[in-house]
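The values are calculated or read from the model by the stated rules, or taken from the named source; none is laboratory data. Predicted, not measured: the structure shown is a model, and the values here were computed from it. Positions of Cβ are backbone-derived with ideal geometry, glycine not excepted, and every protein chain shown enters the neighbour counts.
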Amino acid sequence: MLKHINDKAKIWAKLWQKQIALGIVPYYMFVERDTGAKKYFEVPLYKAWSIYQQALQKVGGLGRTVRGPSMSANPGKVEVLGTNQINGEKVFILCVIQASNPDWTYRPFFAKYPETATWLNHLQPLEEEHFFFEEVKEASSN
Ligand SMILES: *Cc1c(COP(=O)(O)O)cnc(C)c1O
């Protein structure tokens, strides 16, 4: 998903419908990587998720196989599952959908909710010092 290019729900809904019509099952929605000209193209994670959620409403079951906005980051592919509140505090709910360590796969986790966050390294755990996928890295680099 790129700002100025396709950061609109109706563009995604149209793309997925077209893909389904052509026999292509859409299954990933990636947000722009944390590299290069990202300043111009980056979309805040909460907004990317909102675009995803609105686009999903416009498509049928096969189109709804698309995972939420995902980041191809160091621990693996991390999907934004949505947002919610815990004890009155807004949070992101995320999930590692494919990981360098297979045991991290499909473990949902929470993160604080900075509206400006556009990449995994802008997120922080709610109470723990590290995300579970960071503790291992830390231990091995010490
Ligand atoms: C992983 C990945 C793909 C391909 O994923 P498969 O699970 O092998 O289909 C394509 N683009 C990006 C950015 C990825 O991270």
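Specify which of the listed residues (Leu62, Leu81) is more than 16 Å from the ligand (Cβ to nearest atom) and touching a Gly at 6+ places or on another chain (Cβ under 8 Å). Talk me through it step by step, then tell me what you get.
On the way: Leu62 fails: touching a Gly at 6+ places or on another chain (Cβ under 8 Å).
Every option except Leu81 fails the conditions.
Within segment 48-72, track down each residue that is of a type in the set (Gly, Ala, Ser) and either under 28 Å from Phe132 (Cβ atoms) or at pLDDT below 95 (or both). Full working, then the answer.
Of the residues in segment 48-72, the ones of a type in the set (Gly, Ala, Ser) are 48, 50, 55, 60-61, 63, 68, 70, 72.
Correct list: Ala48, Ser50, Gly60, Gly61, Gly63, Gly68, Ser70, Ser72.
Only one of these conditions is not met by Gly61: (1) farther than 30 Å from Asp103 by Cβ; (2) buried (at least 18 other Cβ atoms within 10 Å of the Cβ). Which number is it?
With (1) farther than 30 Å from Asp103 by Cβ; (2) buried (at least 18 other Cβ atoms within 10 Å of the Cβ) applied to Gly61, the lone miss is (2).
Suppose the filter is at negative phi and under 12 Å from the mean Cα position of the chain (by Cα); does Lys39 pass it?
Details: at negative phi: yes; under 12 Å from the mean Cα position of the chain (by Cα): no.
The answer is no for Lys39.
Consider Pro75 against the criteria (1) away from the ligand (no atom under 16 Å from the Cβ); (2) at pLDDT below 95: it satisfies all of them except one. Which criterion is unmet?
(1)
Out of segment 30-45, which residues are aliphatic (A, V, I, L, M) and either at pLDDT below 95 or in contact with a Gly (Cβ under 7 Å, 6 or more places away or on another chain) (or both)?
We begin by selecting, within segment 30-45, every residue aliphatic (A, V, I, L, M); these are 31, 37, 43, 45.
Of everything in segment 30-45, just one residue is aliphatic (A, V, I, L, M) and either at pLDDT below 95 or in contact with a Gly (Cβ under 7 Å, 6 or more places away or on another chain) (or both), namely Ala37.
Quick one: count up the residues across segment 24-47 that are under 17 Å from Ile93 (Cβ atoms) and either within 14 Å of the ligand (Cβ to nearest atom) or hydroxyl-bearing (Ser, Thr, Tyr) (or both).
Residues flagged as under 17 Å from Ile93 (Cβ atoms) and either within 14 Å of the ligand (Cβ to nearest atom) or hydroxyl-bearing (Ser, Thr, Tyr) (or both) within segment 24-47 amount to 3.
Of the numbered conditions (1) under 29 Å from Phe133 (Cα atoms); (2) β-branched (Val, Ile, Thr); (3) part of a helix (DSSP H, G or I), Ile20 fails exactly one; give the number of that condition.
Going through (1) under 29 Å from Phe133 (Cα atoms); (2) β-branched (Val, Ile, Thr); (3) part of a helix (DSSP H, G or I) one by one, Ile20 breaks only (1).
Which condition from (1) crowded, with 18+ Cβ neighbours inside 10 Å; (2) more than 24 Å from Glu42 (Cβ to Cβ); (3) β-branched (Val, Ile, Thr) is the one that Thr105 breaks?
So the condition that Thr105 fails would be (1).
Consider Pro26 against the criteria (1) crowded, with 19+ Cβ neighbours inside 10 Å; (2) closer than 24 Å to Phe131 by Cβ; (3) not polar (S, T, N, Q): it satisfies all of them except one. Which criterion is unmet?
Result: Pro26 fails condition (2) only.
Do we have Glu89 as in contact with a Ser or Thr (Cβ under 9 Å, 6 or more places away or on another chain), among the charged types (D, E, K, R) and either within 16 Å of the ligand (Cβ to nearest atom) or under 21 Å from His122 (Cα atoms) (or both) here?
Details: in contact with a Ser or Thr (Cβ under 9 Å, 6 or more places away or on another chain): no; among the charged types (D, E, K, R): yes; either within 16 Å of the ligand (Cβ to nearest atom) or under 21 Å from His122 (Cα atoms) (or both): yes.
Answer is no for this residue.
Residues that are over 14 Å from the mean Cα position of the chain (by Cα), at least 2 per element: which strands (runs of 3 or more DSSP E) completely within segment 58-118 meet that? If you could, list the steps in order and put the result at the bottom.
Working: elements: 69-73, 76-86, 89-99, 108-112.
The strands (runs of 3 or more DSSP E) meeting that bar are 76-86, 89-99.
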